[in-house]
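This report concerns only the one structure given below.
Nothing in this text is a laboratory measurement; each read-out follows from the coordinates by a stated rule. Only a predicted model underlies this, so the values are computations on that prediction, with no experimental measurement involved. Don't worry about glycine lacking a Cβ; one is built from the backbone with ideal geometry, like all the others, and counts go over all protein chains shown.
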Amino acid sequence: MAIEFIQQNMMWVGLALVSGMMLIWPMLTGGSKDELSPAATTMKMNREEAVVLDVRDTKDFDLGHIQGARHIALEQLSKHLSEIEKFKTKPVIVCCANGMRSGSAVSSLRKAGFEQVFMLSGGISAWNEANLPLTRKS
């Protein structure tokens, strides 16, 4: 009966297996050393006074951001590096909506001489899913 189900639903079974592996792969490989989970991000913020840099658009930042996060939209980052230059030796955690834009910002910051740059894996979406608080602009 189970074999019959698998044969009749081969595409769905394959999709489930691939999806499962994609979820498990980061745990097996340890993830990227420059990506931090929401829990690891809060620990780095609390223990090492990491600076959080939110590179989303202003509208998205105003809807909800990590408390104390500095906001510089990705498109403006190169123009505003002087504002955060004093943090070159401190841990800097970059976040965006879901982790796509922050990779670009991490590369730019490293090229500019920042020593400890990380990205929030999964972005604000992952932070939200972990039920961690967001601050909204009033």
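Within the range 45-138, antiparallel bridges make up roughly 10 percent of the DSSP beta bridges whose residues both belong there.
When you restrict to C-alpha pairs under 8 Å that are six or more residues apart and normalise by the size of the chain, the relative contact order lands at 26 percent. Note on the chain: dipole from Cβ charges, positive end direction compared against Ile84, Ser104, Leu36; the farthest Cα belongs to Ile84. For the set Lys90/Lys137; Lys33/Lys111; Lys88/Lys111; Lys33/Lys88; Lys44/Lys79; Lys44/Lys88, the pairs lying more than 23 angstrom apart at their alpha carbons are Lys90/Lys137; Lys44/Lys79.
Note on the range 32-129: Rg/Rh from Cα positions, Kirkwood definition for Rh, rounded to two decimals, is 0.92. Relative to the dominant Cα principal axis of the chain, helix 10-29 is inclined by about 40°. Of Ser104, Ser19, the sequence from fewest to most neighbouring Cβ atoms within 10 angstrom is Ser19, Ser104.
Adding -39500 (n - 2.57) for every DSSP H run of four residues or longer, then dividing by how many residues the chain holds, sets the calculated 222 nm ellipticity at -13500 deg cm²/dmol. Each of Ile124, Ile84, Ile3 was scored by other Cβ atoms within 10 Å of its Cβ. Listed from fewest to most, they are Ile3, Ile84, Ile124.
Annotation for the range 49-109: GluC sites (Glu not before Pro) lying in DSSP loop with at most 14 further Cβ atoms inside 10 Å of their Cβ are Glu49.
Residue farthest toward the positive end of the dipole of the range 44-138, with Cβ of Lys/Arg at +1 and Asp/Glu at -1: which of Ser125, Ile72, Phe114? Sorting the options by dipole projection puts first Phe114.
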